[in-house]
Amino acid sequence: MAKDNKKRSPVVKPNASTSGLEVEKLNAEIERLKKELKKRKKYGLVWEPKDEEVIEMCKEKLPVLKEVKNKEIISDKDKPVNLLIEGDNYHALSVLNYTHAKKVDVIYIDPPYNTGSSKWIYNNKYVDSEDAFRHSKWLSFMFKRLKLARNLLKDNGVIICTIDDYEIHSLGLLMDEVFGENNRMSILVIESNPRGRTSNAFFATSHEYYLFYGRNALKCKIEEQPLNEEQSAAFKYKDDISYYRLLPMRKSGAASRRNERPKQFYPIYVNKDTLKLSMTKLSKNWEELLPIDESGEERVWKLGRENCEKYIQSGDVVAKRGRNGIKLYQKDRIKSGRKPKTMWIDPKYDASAHGTNLIAEILGKRNIFEYPKSLYAVIDSLKTIIRSNKNALVLDFFAGSGTTGHAVLELNKEDGGSRKFILCTSNEDNNGNGYKIATDICYPRIRNIIKGYQKIRGEKVEGLSGNLKYFKTNFVNAEPTDKNKIKLTAEATEMLCIKEGTFEKVLDQKNFKVFKNANHYTGIIFDQAAIPAFKKAIKHIKGKFSVYVFSLGDETFDDEFKDIKQKVQLSPIPEAILRVYRRIFK
Ligand SMILES: C[S@@+](CC[C@H](N)C(=O)[O-])C[C@H]1O[C@@H](n2cnc3c(N)ncnc32)[C@H](O)[C@@H]1O
């Protein structure tokens with residue numbers, strides 16, 4: 001501290017009116033007040049930082065992904081490849097920070113709710129209600145992951161995080177901290193348990209919260225929902241602009257009498273043949289209309305004179321001939337959709353019927369997983385962001401039983417979309433019944449949804465088709481020795497294919513490999529001496545190449561590729577990966 005003080009120049013300096021002693025006293029007082037201020041709590045969340053083993057280990061081991069080949073599902077090569085990553089999501093998110101920075105349209109997560117019922121593991125131990133640090137542990141855990149997740153969102157990307165009463169207050173402040181209060185888009189309430197949790201002490205909780213935050217809310221869009229049946233029936237007319245209904249131009253009810261709004265009492269003229277309207281009487285054939293009701297009482301129009309004239313010109317005030325003569329109406333317009341409301345109550349959001357029971361049917365076994373979401377709650381919340389974005393990428397890094405993946409496949413089925421998902425989940429036995437969440441629940445669920453399945457009573461359900469690749473997190477030594485860099489490069493092949501979305505192997509040589517998708521190729525060169533052989537091998541392949549060349553430093557080998565620079569985009573590995581990891585694990 002003393003050292004610190006020496007560096008700082010005094011705030012108050014001696015001048016003609018202050019003696020040196022006074023100045024010294026003033027500066028001492030300023031320092032005292034500064035210290036005092038520092039002691040005070042700032043506004044926001046405060047928690048006890050808790051080290052987490054899976055994070056600490058990244059100082060010594062760097063995460064990579066290893067494919068589990070025998071779990072690959074390819075049922076339609078024209079469809080996108082979805083990913084399921086088994087492992088701790090801190091590691092999966094670290095890898096994705098290299099492969100998918102700013103690539104994700106929506107993150108949907110349903111984290112452990114920290115209810116104290118020993119369902120959530122921290123540092124290899126279940127956290128129960130007796131744990132004095134359980135809120136701090138949960139906040140540390142969520143903070144670290146949300147920070148990594150934010151980097152993955154596109155500028156107009158949105159994160160949806162579900163929660164219930166146990167952590168809603170902490171999560172709200174945490175999300176404000178990580179994403180910024182200005183980027184809070186909404187907090188929905190969804191009735192997920194219509195019966196109510198009767199075991200609660202005071203009220204039977206029947207709802208959960210869905211927090212929506214944009215990476216940059218100004219750039220984000222909430223999609224309108226189609227009109228419901230009632231609205232479609234009411235807004236039955238349509239013109240070039242929109243659907244509309246007709247509401248009487250004459251006001252009724254409160255403040256509708258002439259003496260209450262005298263300026264809104266004026267004549268409007270209607271052509272008796274064509275029903276055209278005008279604010280002036282153009283000829284004898286134009287009839288004067290006044291806002292006088294059936295009992296002869298003078299009332300007012302809904303619009304002032306100026307607005308009325310504008311609306312007549314735009315065709316938004318119209319005349320209709322009825323049994324009691326000509327009447328005026330105003331068009332009340334509705335866009336093709338409406339803004340989603342913040343309270344969602346519908347039997348389809350019941351997590352028991354459309355979550356727990358649905359999984360039982362898909363997997364042919366009851367009581368496998370207790371806390372899935374209703375499939376429809378996930379579908380409908382995703383639709384608020386990506387209804388019209390048929391190529392969206394959706395990430396769920398607390399995937400559990402895989403409802404989010406299932407929802408994306410259903411959305412694509414509805415509209416022929418090509419949306420993709422990335423799911424990450426640990427592989428613990430969440431319910432203590434012997435079923436591991438990644439291998440025994442999430443994976444078989446997605447497989448059955450893609451390929452089709454038989455319900456418990458034998459009814460067959462057709463598959464939605466699609467593709468899935470299964471990865472597990474793996475590790476290489478972090479110490480930046482040449483040997484470890486070579487090892488990281490060798491282990492990074494899957495990561496590079498994921499980054500590029502190129503999964504089809506084209507060439508497989510000892511020192512280089514080539515993969516492709518419908519749009520481009522990825523080349524990985526493990527030894528710079530193999531550059532000429534690589535160039536020769538790709539000479540006759542038409543198309544663009546992302547080429548990753550092994551380098552102990554940051555060399556991009558531009559000179560070696562000068563002659564084909566239009567065809568290739570070069571990156572040095574593992575440096576490009578290490579740069580991201582240095583930022584995260586610093
Ligand atoms: C509440 S469940 C999500 C349920 C999911 N929305 C569904 O509908 O099936 C939370 C899941 O996150 C997983 N999980 C918890 N901590 C994790 C971690 N650190 N890394 C990866 N997954 C984790 C748990 O295994 C659990 O299955």
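The values are calculated or read from the model by the stated rules, or taken from the named source; none is laboratory data. All values derive from a computational prediction rather than experimental measurement. Glycine gets a Cβ as well: all are built from the backbone with ideal geometry, and neighbour counts include every protein chain shown. Surface areas here come from the heavy atoms of the whole protein model, side chains and all, with no ligands, DNA or RNA. Shrake-Rupley method; radii C 1.70, N 1.55, O 1.52, S 1.80 Å.
Key figures for this structure:
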| item | result |
| --- | --- |
| Total charge dipole magnitude, the range 343-406, about the Cα centre, Cβ charges on Lys, Arg, Asp, Glu only, Debye to nearest 20 | 180 |
| Two-decimal Rg/Rh across the range 253-292, once Rg and the Kirkwood Rh are taken from alpha-carbon atoms | 1.09 |
| Whole-number Å³ per residue for the convex hull built on Cα positions in the range 163-259 | 251 |
| Long-range amide H partners of D346 with built H, under 5 Å | E191 |
| Phi-based couplings in Hz for the range 130-139 (Karplus 6.51, -1.76, 1.60; Gly and Pro marked x) | 7, 6, 5, 9, 5, 6, 5, 4, 5, 5 |
| Which of C442, N430, G463, positive extreme of dipole for the range 422-466 (C-beta unit charges) | G463 |
| Under the Karplus curve 6.51 cos²θ - 1.76 cosθ + 1.60, θ = phi - 60°, whole-Hz ³J(HN,Hα) for the range 361-375, x wherever Gly or Pro sits | 5, 5, 9, x, 9, 8, 6, 8, 9, 7, 10, x, 8, 5, 3 |
| Cα-based helix-to-principal-axis angle, 403-415 vs the chain, degrees rounded to 10 | 50 |
| Column: log10 I(q)/I(0), Debye, Cα scatterers of the range 277-394, q = 0.13, 0.15, 0.19, 0.20 Å⁻¹ | -0.72, -0.82, -1.09, -1.16 |
| Heavy-atom SASA rank of M175, M279 (probe 1.4 Å, accessible area, largest first) | M279, M175 |
| Length-normalised contact order for the range 41-171 - Cα pairs under 8 Å, 6+ apart - percent | 34 |
| Förster radius 25 Å - calculated FRET efficiency between S75 and K542 (Cβ-Cβ, nearest 0.05) | 0.30 |
| Loop-located trypsin sites (Lys or Arg not before Pro) in the range 153-208 whose Cβ has at most 14 other Cβ within 10 Å (DSSP) | R195 |
| Estimated dipole of the chain in Debye, rounded to 20 [Cβ of Lys and Arg +1, of Asp and Glu -1, Cα centre] | 1540 |
| Relative contact order computed over the range 481-586 (Cα-Cα under 8 Å; 6+ residues apart), in percent | 20 |
| Fraction in percent of alpha-carbon pairs per bin - 5 Å, the range 377-449 | 4, 17, 27, 22, 15, 9, 5, 2, 0 |
| Nearest-0.05 FRET efficiency for V506 and R579, computed from C-beta distance (R0 35 Å) | 0.80 |
| Size descriptor, Kirkwood hydrodynamic radius, that averages inverse alpha-carbon separations across the range 434-513, Å | 16.2 |
| Å² per residue, accessible surface of the chain at 1.4 Å | 54 |
| Span from the the range 541-576 Cα centroid across to the the range 503-532 one, whole angstrom | 11 |
| Extension reserve of the N15-S418 stretch, reckoned as 0.36 nm per residue once the Cα distance is removed | 137.8 nm |
| Longest site-free stretch - the chain; sites: GluC sites (Glu not before Pro), DSSP loop, at most 12 other Cβ within 10 Å | 131-293 |
| Percent of C-alpha pairs per 10 Å bin, the chain, short to long | 3, 13, 19, 18, 14, 12, 10, 7, 3, 0 |
| Volume of the Cα convex hull of the range 221-282, divided per residue and given in Å³ | 204 |
| Stokes-Einstein diffusion coefficient of the range 386-503, Kirkwood radius over Cα pairs, 20 °C, 1.002 mPa s, in µm²/s | 130 |
| Between the range 87-146 and the range 369-421, the Cα center-to-center distance that results, in Å | 20 |
| Förster radius 41 Å - calculated FRET efficiency between E229 and A255, Cβ distance, rounded to 0.05 | 0.80 |
| Difference of contour (0.36 nm per residue) and Cα-Cα distance, E177 to N367 | 64.6 nm |
| Check: the range 107-158 dipole with +1 on Lys, Arg Cβ and -1 on Asp, Glu Cβ, in debye | 240 |
| Bins of 10 Å from zero: percent of alpha-carbon pairs in the range 96-216 | 13, 40, 33, 13, 1 |
| Intensity falloff of the range 177-216 expressed as log10 I(q)/I(0), Debye formula with alpha-carbon point scatterers, at q = 0.22 Å⁻¹ | -0.69 |
| Within the accessible area of the chain (1.4 Å probe), percent carbon and sulfur | 49 |
| Span per principal axis, largest first, for the Cα atoms of the range 446-586 (Å) | 65, 42, 25 |
| Segment N156-V23, length gained on full extension (0.36 nm per residue, minus Cα span) | 42.6 nm |
| Residues whose placed amide H lies under 5 Å from that of S546, excluding near-sequence neighbours | Y521, T522, G523, Q569 |
| Nearest-ten-degree value, helix 168-179 long axis tilted from longest Cα axis of the chain | 80 |
